[in-house]
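Structure, as structure tokens:
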Amino acid sequence: MFEILHKKVNETITITDEEFAYAKTLFVPKKLRKKRFLLEDGEVCMYTTFVEKGLLRSFTIDDKGNEHILQFGMQGWWVGDLYSFLTGEASEYNIEALEDSELLLITKPSWNLLLDEVPAFERYFRILIQNNLIATQRRLMCTISATAEERYSKLLKDFPDISQRVPQHMIASYIGVTRETLSRLRSQMISGN
């Protein structure tokens, strides 16, 4: 069950087989069925989670009942609420499986132990957090400066199979438009207008 994690770690840093074997002992494997929650609004995020297989979404619900999707967590990605995980404060997010998923969970004490015992993992997580910050800033700029069509096109370019794996209303939520607007965009793109 650790194949994808091992591959992703090795793409970022160099670690020995012994170091990775030790790291594996600190993770808790979990299978999460479609439509089940890994985290719900108001809970403390007790784990940071690696997606070995499947697809999750991180979202919040506003006062009007509208969902706002922050992230899709695909195979090879990390999901969680880093703020809640690090501070122990309640999360404002929900994390739900969109497909049956196989996950690797690590608690904060185990995460800290991993960083202490295998310093290369400190570099690994620093790189991940840096990359996440850059991606978040780019997404924010795209959200405030790009048209809905540009945001949708970028999503399809970055994740070509997303429209086969995720319902259209969730894609609309992710790019910040209504379902009707997304339907209109898709029709215009198909007709070439």
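The values are calculated or read from the model by the stated rules, or taken from the named source; none is laboratory data. For clarity, every value in this text was computed on a predicted model and none was experimentally measured. With ideal geometry, Cβ positions are generated from the backbone for all residues, glycine too; neighbour counts draw on all protein chains shown.
The residue that is modelled with the lowest pLDDT, among those in region 63-116 that are over 24 Å from T25 (Cα atoms) and of a type in the set (G, A, S), is G65. Checked across region 80-91, the condition of being of a type in the set (V, I, T) and part of a helix (DSSP H, G or I) holds for at least one residue. Among the residues of region 41-55, those that are in contact with a helix residue (DSSP H, G or I) (Cβ under 9 Å, 6 or more places away or on another chain) and either in a strand (DSSP E or B) or not charged (D, E, K, R) (or both) comprise V44, C45, M46, Y47, T48, F50, V51, E52, K53, L55. The set of residues from region 92-137 being assigned to a loop (DSSP other than H, G, I, E, B) and farther than 17 Å from N10 by Cα comprises E92, Y93, L98, E99, D100. Have a look at K30, K53, K34 and point out the one that is under 17 Å from the mean Cα position of the chain (by Cα) and either surrounded by 21 or more Cβ atoms within 10 Å (Cβ to Cβ) or farther than 15 Å from E3 by Cα (or both). One residue alone meets the criteria, K34. Looking across I15, I69, one residue alone is in a strand (DSSP E or B), β-branched (V, I, T) and outside the structural domain of M170 (by TED's automatic domain parsing). It is I69. Restricting E180, E99 to those that are closer than 22 Å to I61 by Cα, of a type outside the set (A, V, I, L, M, F, W, C) and under 15 Å from the mean Cα position of the chain (by Cα) reduces the list to E99.
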